[in-house]
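Visitor: The structure's right below; bear with me while I get my questions together.
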């Protein structure tokens, strides 16, 4: 498999999932500074018409996009790693509910903050919305070591990206238990390996 990624982008989530799953893969860096160019000079759109990361090229040549779906595919390829509950269980539905929340309420919730188009008043509304959603995550986490319970799942890798973006890009503060949670995930060997491979820090 090939994972098309950009440093500090949400592709860190499937990157970590692939490492945790122990699946063989190749990293392909997308240069956004040069117009989403691939190492061979092609545009990312030559691989995926969506032209954004992450993109996972499967062994048979099929292309998979959308991180929250991609990490579930990865988890199901390596069930022994226990990165997600089995399909067909209500626990899996709960994990999907959580991934959807991260994708829509947090990930997309921060989108206006990257843009130069919205005015400051609108951005402040977006900031307050993200803060309220992070408060919900903090409440859900409680004293547990991981967001879905006692074991690391694909949701933790995705949530780490959100927390990293919030604190590094927007200097946002985290509730106390999310500070400890973030530090805990950052120390996982898989996360350290992914961050190192992408040339970024926690």
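The values are calculated or read from the model by the stated rules, or taken from the named source; none is laboratory data. Nothing here was measured: the structure is a model prediction, and the numbers come from that model. Every residue, glycine as well, gets a Cβ built from its backbone with ideal geometry; the counts of neighbours run over all protein chains shown.
Visitor: Pull out all pairs, ordered by first then second residue, where Cβ-Cβ is under 8 Å, the residues are six or more apart or on different chains, the first lies in the range 24-50 and is without any contact (Cβ under 8 Å) to a residue 24 or more places away in the chain and on the phi > 0 side of the Ramachandran plot, and the second is in a helix (DSSP H, G or I) and surrounded by 10 or more Cβ atoms within 10 Å (Cβ to Cβ).
Guide: 36/44; 36/45
Visitor: Looking at the range 72-95, which of the residues that are crowded, with 17+ Cβ neighbours inside 10 Å and within 18 Å of residue 149 (Cα to Cα) is nearest to the chain's Cα centre (by Cα)?
Guide: 72
Visitor: Moving on to the next point. Tell me whether the range 7-25 contains one or more residues that are over 21 Å from residue 151 (Cβ atoms) and in contact with a strand residue (DSSP E or B) (Cβ under 6 Å, 6 or more places away or on another chain).
Guide: Yes.
Visitor: Is at least one residue of the range 72-87 under 27 Å from residue 55 (Cα atoms), in a helix (DSSP H, G or I) and in contact with a strand residue (DSSP E or B) (Cβ under 9 Å, 6 or more places away or on another chain)?
Guide: yes
Visitor: Right, something else. So residue 169 passes all but one of these: (1) farther than 27 Å from residue 125 by Cα; (2) loosely packed, with under 14 Cβ neighbours inside 10 Å. Which condition number does it fail?
Guide: So residue 169 meets the others, but not (1).
Visitor: Answer yes or no as to whether residue 144 is assigned by TED's automatic domain parsing to the domain that holds residue 98 and more than 14 Å from the chain's Cα centre (by Cα).
Guide: It is true that residue 144 is assigned by TED's automatic domain parsing to the domain that holds residue 98 and more than 14 Å from the chain's Cα centre (by Cα).
Visitor: Being under 27 Å from residue 93 (Cα atoms) and either at pLDDT below 95 or more than 14 Å from the chain's Cα centre (by Cα) (or both) is the filter; apply it to the range 181-195 and report the residue that is surrounded by the fewest Cβ atoms within 10 Å (Cβ to Cβ).
Guide: Looking at residues that are under 27 Å from residue 93 (Cα atoms) and either at pLDDT below 95 or more than 14 Å from the chain's Cα centre (by Cα) (or both), I get 184.
Visitor: Kindly provide the set of residues from the range 35-71 that are assigned to a helix (DSSP H, G or I) and either in contact with a strand residue (DSSP E or B) (Cβ under 7 Å, 6 or more places away or on another chain) or at pLDDT below 95 (or both), ordered by number.
Guide: Across the range 35-71, the qualifying residues are 44, 70.
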